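Peer 1: My questions all concern the structure below.
Laboratory data are not the source of any read-out in this text; all were calculated from the coordinates shown. Quick caveat, the model's predicted, so the values are computed rather than measured. FYI the Cβ positions are ideal-geometry reconstructions off the backbone, even for glycines, and counts take in every protein chain you see.
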C-alpha cells in the first residue's frame, strides 16, 4: 500500500506507546481500523509485535507528529521514500494467517457465520485463511473444539481488516436475488384499508308478487259469496 508505512501494525504499536495521537489519526496513517488501534492499546491485538519507530525509518517526522498531537483533525502525512519498492503482487487463494493467530480462526469463523450469514464459504476462506472443511465442521458442530468456541470479531483478532470485511459483505449483498415484481403479497384496496367503504343498503322486505295477491283475493271472494240453500246445501 503506497499510502501506508511498511509495517503498519508495528508502526501503530509504536505510535500508541510513544505519542498522544488519537486512535483515528493512527488508524488513518497506518491504514487500519480504529477498532484495531483500540485493540492494540488494550493489549488485545498485535500481542508480541515490537513497535517500529517511523521516525528512524524515515517515514514520519517529529514535527508532523507534534502538529497532529496539537490538532486532532490533522492527518499524518507519510514522507516520500527515496527508495522505490515494487508493489507486491496479490496472491490468489486463502489468506495467510500467522501461526500465533491460527488458533483464533474457529472463533472468527463462528462469529462470521452468526453475524454475516449472507457470506459464502469462499468469502470466509478469503477473510480468515481457512478451509471449507473447517467451516463445515463449525456449521455442523463437529469441530473437535466445538464446545469451547466463542464468537469473536476477526477484525479485532487481526485476522482481516474492516475494509476487507465490508467489501465481502457488500459483494454478497449484490449477489442476492431480487424478488420479481408481481410476486408476494399484494396491497388491499384503498376502501378496505381506510375503512371508507360504502355502507350496505338498508334491508327491505321483498314485495309480494301480484299473482299471489290476486290469488288471495279470488279465494276470499269465493268464500264470502257462497250461500246455503234451504236444504243446507251450497248453491
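Peer 1: For residue 118 and residue 69, compute 0.36 nm times the residue count separating them, minus their Cα-Cα distance, and round to one decimal in nm.
Peer 2: 13.5 nm
Peer 1: Take peptides 67-78, 156-167 and line them up by average Cβ neighbours within 10 Å, highest first, as a rough protection proxy. Write down the numbers at each step before the final one.
Peer 2: Values: 67-78: 13.6, 156-167: 18.2.
The most tightly packed comes first, giving 156-167, 67-78.
Peer 1: Mind ranking 21-28, 49-56 by how tightly packed they are, going by the mean number of other C-beta atoms within 10 angstrom, highest first? Write out the running numbers ahead of the final one.
Peer 2: Numbers: 21-28: 19.6, 49-56: 15.4.
Final packing ranking: 21-28, 49-56.
Peer 1: What does the stretch 99-174 give for Rg and for Dmax, in Å, if only its C-alpha atoms count?
Peer 2: Rg and Dmax of the stretch 99-174, Cα atoms, are 11.5, 35 Å.
Peer 1: Which whole-number value in Å³ per residue fits the convex hull of the alpha carbons of the stretch 8-70?
Peer 2: 69 Å³
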